[in-house]
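For reference, the structure is listed below as structure tokens.
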Amino acid sequence: MSSEAIHLTNDQQSYREKYPELGTGPVPVEPYMSEEYLSKECEHIFSKMWLMVGRTTRLKNVGDFFVKNVECLNKSIVVAKGKDQEVRAFYNVCRHRGTNVASGEGNCKYFTCRFHGWVYDTDGSIAHVPEEDQFYQLDKSKLNLESVHCEIWKGFIFVNFSDKPRETLREQLAEYCERFEDFPFEEMPVAGRWGATLKANWKLFQDAFQEGYHVSTVHAGTIGEYFTGKRNPNCRPYYLGLFKRNRSMSFSYNPEFAPHPSEIFAVKAGGSLSQGDAAKTYALPGINPGNDPYYSFDVNAVFPNWLCDTSAGFFFIHEFWPIDAITTRWEASLHFLPTNSPSQYISQMQSVTLLRDAFREDIATSEGSQAGLMSGALREINFSDVEIPCRHQYQVIQELIDNPL
Amino acid sequence: MKRSLPEEFEDLEALVPYWTRDTEAARNAFRVSCSIKELREFYDIVMPRLDALAERLEQTTLDNMSKEEACLLELALMVMEVAPAVEYYNQPDVPNSVDVEVLKILPVDRAYKITG
């Protein structure tokens with residue numbers, strides 16, 4: 001599949017012609033509410049593919065660790081930096097009788113199981129078994145915490161739960177590897193980080209962030225005006241590219257947007273989501289593939305459950321983790337180019353506040369959609385031409401269920 | 001009264017005990033606990049001074065702030081937290097949204113250091 005820039009005010013539907021294999025018909029509701037469907041997604045997607053679990057910046061020092069729960073697979077893992085500076089992932093499961101060895105995040109010298117005190121090194125190897133002589137034929141060479149495939153790309157940590165990953169991480173990231181090879185993700189510290197457990201299917205919630213059609217309505221009270229206006233009243237993407245499993249879009253800002261005092265300050269100080277033309281000052285490699293003169297930001301959907309949205313001077317990411325078919329654990333964070341300037345930091349907090357509040361609007365409409373689907377009133381839903389990224393996500397998943405990797 | 005802001009911002013001193021918080025979570029929790037009238041009063045006092053405030057803070061850097069400068073910074077950060085309520089929502093919390101408790105604001109490393 002390839003990509004193209006569209007004329008924003010053209011009424012002709014264009015994507016269905018560009019991507020005829022995705023179809024135009026209604027989409028069944030089952031994928032967005034059925035436990036049976038989720039179990040297929042777990043079997044064919046979450047169990048087999050590389051999953052982004054966090055950034056290496058959370059593991060600065062030896063012994064830093066965080067626990068990541070992947071509820072839909074009944075898995076809990078520990079991601080930790082060992083004495084050799086290596087980042088590893090292992091099951092959060094003691095070799096003795098299965099209890100977890102860590103919780104939350106922090107720094108430790110050893111992981112100690114709370115049940116009977118078995119001790120593991122930060123590289124996952126067994127360090128001590130209390131009353132070892134009371135066990136029968138204990139082979140300590142087989143008592144290290146069970147490891148999980150773990151790889152790093154640009155400071156993002158990925159894990160893979162299959163015995164033998166079907167694809168390398170780079171194969172799965174595909175076109176993004178090259179496009180963002182020089183984007184300074186690793187240098188960009190987190191300015192805001194948020195999470196929620198919400199009543200919506202993981203795809204349904206992810207879809208809220210990969211189309212602009214909802215922006216003028218859902219975000220009428222926050223960021224709507226910045227992204228709509230006369231040039232582009234319904235926030236169509238300026239650029240849209242659908243790939244094998246990933247997808248990418250770019251959205252424009254409204255050149256007639258009238259900023260409020262806090263936004264005027266933020267743009268002047270530098271480091272703002274609503275920076276308008278100042279985006280040109282902070283341009284970074286890989287952004288704005290459509291060369292939009294009114295470029296605002298890119299949505300980059302990295303299959304299966306990660307969005308890594310890039311822009312000039314900042315990026316923000318979303319993780320969508322199914323807990324069950326109608327419950328999602330979502331995590332998001334916003335990152336800016338590093339600064340030592342107090343006024344730029346003040347500016348960043350303007351973006352943090354407004355983006356966070358806008359996310360709460362998305363949670364509300366997504367939970368509303370889910371409740372509607374759960375009522376049983378609908379058998380199918382309809383995606384428009386500009387909502388083709390949502391259709392693409394549905395089709396890619398269906399394809400992987402029908403023809404497993 | 002003990003001075004907690006740089007001298008030239010003495011007129012804002014009375015705001016400090018109520019309006020300074022050092023994390024996003026604390027600022028947001030405070031915002032939604034206020035009335036829009038209180039938020040507007042705060043905004044109306046500090047927003048017109050924001051440029052002057054930023055200019056003063058630019059005399060230092062985030063990694064090298066005095067207690068007084070950090071306090072001034074936190075006042076500015078609160079303005080940014082309060083701004084959407086005043087400029088967009090006309091109420092303390094974002095309308096047509098989920099309960100404020102649904103979205104958890106997670107901790108991040110503090111971006112500024114108090115050295116003096």
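The values are calculated or read from the model by the stated rules, or taken from the named source; none is laboratory data. Worth saying up front: this structure is predicted, and the values here are computed from it rather than measured. When we count neighbours, we look across all protein chains shown, and the Cβ atoms used for this are built from the backbone with ideal geometry, even at glycine.
So, B:Asp44, is that one over 30 Å from A:Ser366 (Cα atoms), surrounded by fewer than 16 Cβ atoms within 10 Å (Cβ to Cβ) and not small (Gly, Ala, Ser) or not? First the steps, then the outcome.
On the way: over 30 Å from A:Ser366 (Cα atoms): yes; surrounded by fewer than 16 Cβ atoms within 10 Å (Cβ to Cβ): yes; not small (Gly, Ala, Ser): yes.
Answer is yes for this residue.
Search the range A:262-286 for residues being crowded, with 19+ Cβ neighbours inside 10 Å and free of Cβ contacts under 8 Å to residues at least 60 places away in the same chain, and hand back the single one that is farthest from B:Pro48 (Cα to Cα).
Step by step, filter the range A:262-286, then rank; the result is A:Ala279.
Assess whether A:Gly313 counts as being at positive phi and either within 14 Å of chain B (Cβ to nearest Cβ) or not hydrophobic (A, V, I, L, M, F, W, C) (or both).
Taking the combined requirement at face value, the residue satisfies it.
Which numbered condition in (1) polar (S, T, N, Q); (2) part of a helix (DSSP H, G or I); (3) under 30 Å from A:Leu354 (Cα atoms) is the only one that A:Gln172 fails?
Of (1) polar (S, T, N, Q); (2) part of a helix (DSSP H, G or I); (3) under 30 Å from A:Leu354 (Cα atoms), only one is false for A:Gln172: (3).
Any residue in the range A:392-401 that is within 14 Å of another protein chain (Cβ to nearest Cβ), out of contact with any Asp or Glu (no Cβ under 8 Å at 6 or more places or on another chain), modelled with pLDDT of 95 or more and outside any strand (DSSP E or B)? First the steps, then the outcome.
First pass over the range A:392-401, keeping only residues within 14 Å of another protein chain (Cβ to nearest Cβ): none.
Within the range A:392-401, not a single residue is within 14 Å of another protein chain (Cβ to nearest Cβ), out of contact with any Asp or Glu (no Cβ under 8 Å at 6 or more places or on another chain), modelled with pLDDT of 95 or more and outside any strand (DSSP E or B).
So, in the range A:246-281, how many residues would count as being in a helix (DSSP H, G or I) and of a type in the set (Phe, Trp, Tyr)?
Residues meeting the conditions: 1.
May I ask you to say which residue of A:Glu43, A:Glu71, A:Glu17 is out of contact with any Leu (no Cβ under 6 Å at 6 or more places or on another chain), surrounded by fewer than 13 Cβ atoms within 10 Å (Cβ to Cβ) and more than 28 Å from A:Leu337 (Cα to Cα)?
None of the others qualify; the one that does is A:Glu17.
What number of residues within the range A:25-41 are in contact with a helix residue (DSSP H, G or I) (Cβ under 7 Å, 6 or more places away or on another chain) and without any contact (Cβ under 8 Å) to a residue 60 or more places away in the chain?
Count: 1.
If A:Asp298 meets every condition in (1) of a type outside the set (Lys, Arg); (2) farther than 30 Å from B:Thr61 by Cα; (3) surrounded by 22 or more Cβ atoms within 10 Å (Cβ to Cβ); (4) in contact with a helix residue (DSSP H, G or I) (Cβ under 7 Å, 6 or more places away or on another chain) apart from one, which number is that one?
(4) is the only condition that A:Asp298 fails.
Report whether or not A:Thr327 is among the hydroxyl-bearing types (Ser, Thr, Tyr), more than 21 Å from A:Gln370 (Cβ to Cβ) and in contact (Cβ under 8 Å) with a residue 12 or more places away in the chain.
Against the criterion (among the hydroxyl-bearing types (Ser, Thr, Tyr), more than 21 Å from A:Gln370 (Cβ to Cβ) and in contact (Cβ under 8 Å) with a residue 12 or more places away in the chain), A:Thr327 does not qualify.
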